[in-house]
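Step one of this worksheet: look at the structure below.
The values are calculated or read from the model by the stated rules, or taken from the named source; none is laboratory data. What you see is a predicted model, and the numbers here were worked out from it, not measured in a lab. Virtual Cβ from ideal backbone geometry, glycine too; neighbours counted across all protein chains shown. Surface areas here come from the heavy atoms of the whole protein model, side chains and all, with no ligands, DNA or RNA. Shrake-Rupley method; radii C 1.70, N 1.55, O 1.52, S 1.80 Å.
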Amino acid sequence: MKHWHTEKGTVLLTTLLLAMLLSLLGGVAINFAMTETEGAGRQIKESSARLLADSGVAQVVAWLNHGQLPGYEGLSLPTFTGTAASPDVSYDALLAENDRFMNDPSVGVFRALGDIGRIERIIVYASRRPQGLCTIEVTSRAVGGVRRSVSVELGAMNIAPLGAAVQLGARPRSIGETTPRVMAHWGPIRIAGDTSLGRSDQIPRRSARAAVTGAAYGEAGTFLEDRWLEVYVGGAAQFEDVESGPPSNVHAHQDPIPGLPGDTWLYQKFKDLAMKSGSYYVPDHSGRLYRDGVMDPAMAQTPDDVFGNKGLPTGLIFVDTLDAAPPSPDNLPTLVVHSPYMEGIFFLNAHMVLNPKGEGETISALSPPSDGTSNPGSRVPVPIASVNIQGVLHAAGTVSTDKHVRIFGSLVAEQGLTGGGRVESWYNYDIGVVSFMDFRQSSRCQAAGGNGLVSLRDATEV
């Protein structure tokens with residue numbers, strides 16, 4: 001009997017010890033699960049705060065690219081002289097009007113992000129680098145209280161301005177070859193050599209009373225007139241109705257005297273810029289593109305893959321020649337693009353077939369100053385619908401299209417246009433100033449004191 005009681009006590013003790021051990025393990029598991037849940041929640045909040053701050057930076061870059069910062073229209077861009085303590089531009093949510101501007105759920109710039117948090121402060125001040133443009137700092141607070149401060153320094157590329165909505169090089173035409181009809185708003189057209197301009201009554205006239213809109217000529221009852229359009233032809237300007245005199249804003253026989261000025265964008269300079277702070281591609285004979293010249297078939301991309309960025313600014317994109325030497329008649333590939341929308345500065349050492357499939361995007365644009373001066377207050381904001389290219393398309397070869405292509409910015413085709421389509425360009429006045437600035441992130445550290453080119457506070461928790 002004594003032996004039986006001893007065994008029973010041993011089993012009971014073992015059971016109690018096992019229960020205690022399981023209880024401890026359960027407590028540890030629950031504690032671990034709670035810690036993991038808290039950590040995951042914290043990570044989500046931190047990611048949300050970072051997303052908010054990055055969105056703030058992206059918005060300021062968009063404002064800069066359009067030449068105006070809301071509330072600071074009189075600021076002479078791109079001159080920044082302030083410091084972090086005394087910035088040139090400040091939007092602080094502690095001020096009711098700034099908080100409404102940024103975070104109001106109905107009209108705030110960042111209202112679409114209201115479910116994840118709010119922007120508390122945006123400041124812009126001078127760059128610390130000689131070649132820098134400015135520094136942008138954005139502080140955000142996610143729902144739940146996590147704050148992040150992101151600082152990004154923007155660099156500027158000083159490149160030759162473009163003074164025309166469309167610039168076309170001379171191209172000998174074959175018998176029966178068609179060329180797209182070229183229309184321009186808000187700036188001049190420059191065409192080298194002889195050219196046929198169709199009927200003279202279809203050339204928009206220049207008029208100081210012309211409406212400033214994003215409507216195409218003849219659209220919605222608009223007239224064939226524009227405040228800034230001039231047409232300069234290097235040789236003869238040919239019209240179908242030869243008995244009529246040319247419109248007063250068509251200027252033929254400009255070359256060699258008084259000259260047909262072209263805006264020279266140099267191959268090597270842009271190649272160097274793209275390798276340093278843009279995107280550099282080498283093509284193959286099939287028109288596929290390889291980033292940084294890595295000719296791995298698995299890395300090949302189509303022009304649509306590279307150019308069709310769905311509205312995301314990509315800065316400078318440079319496509320080299322087939323042999324990575326300056327352009328010549330024998331080393332230009334042909335790039336075929338169907339993307340409905342492209343945005344960026346495209347320096348293409350190629351022939352381009354541009355046939356967008358789709359309606360493009362509606363964008364907000366600023367007209368040139370309407371009072372004949374450089375006064376930014378006289379620039380008219382207008383929407384332009386169905387834009388296929390926003391930025392600059394510079395092709396060393398021909399540009400061919402059978403579609404109606406709309407551009408906001410500038411088109412340069414060094415070997416002219418071909419095809420049966422129509423090209424309509426609204427000139428971006430900002431690319432005709434002393435230097436065109438490509439606002440790009442020059443460097444970004446992954447944490448305070450990281451390994452970037454410049455020491456920046458990036459995603460530093462406040």
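So the values come out like this:
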| read-out | value |
| --- | --- |
| Residues (of a type in the set (A, V, I, L, M, F, W, C), within 17 Å of residue 60 (Cα to Cα), over 23 Å from the mean Cα position of the chain (by Cα) and open to solvent by 40 Å² or more (accessible area, probe 1.4 Å)) located in region 77-106 | 84, 101 |
| Of the criteria (1) open to solvent by less than 30 Å² (accessible area, probe 1.4 Å); (2) small (Gly, Ala, Ser); (3) over 21 Å from the mean Cα position of the chain (by Cα), which one residue 395 fails | (3) |
| Positions within region 237-254 being surrounded by fewer than 19 Cβ atoms within 10 Å (Cβ to Cβ) and at pLDDT below 90, in sequence order | 238, 240, 241, 242, 243, 244, 245, 246 |
| Every residue from region 256-278 that is in contact with a strand residue (DSSP E or B) (Cβ under 7 Å, 6 or more places away or on another chain) and loosely packed, with under 13 Cβ neighbours inside 10 Å | none |
| Given (1) in contact with a helix residue (DSSP H, G or I) (Cβ under 6 Å, 6 or more places away or on another chain); (2) buried (at least 17 other Cβ atoms within 10 Å of the Cβ); (3) modelled with pLDDT under 85, number of the condition residue 73 does not satisfy | (2) |
| Pairs, first closer than 18 Å to residue 154 by Cα in region 268-280, second open to solvent by 20 Å² or more (accessible area, probe 1.4 Å) and of a type in the set (D, E, K, R), C-beta under 9 Å, six or more apart | 275/292; 277/440; 278/440; 279/291; 279/292 |
| Test: residue in region 393-403 that is touching a strand residue (DSSP E or B) at 6+ places or on another chain (Cβ under 8 Å), under 13 Å from residue 180 (Cβ atoms) and of a type in the set (Lys, Arg) | yes |
| Selection within region 317-344 - open to solvent by 20 Å² or more (accessible area, probe 1.4 Å), modelled with pLDDT of 95 or more and not in a loop (DSSP other than H, G, I, E, B) | 334, 336 |
| Hits in region 115-127 (condition: part of a loop (DSSP other than H, G, I, E, B) and surrounded by 14 or more Cβ atoms within 10 Å (Cβ to Cβ)) | 116, 127 |
| Selection within region 255-298 - modelled with pLDDT of 95 or more and within 22 Å of residue 169 (Cβ to Cβ) | 283, 287 |
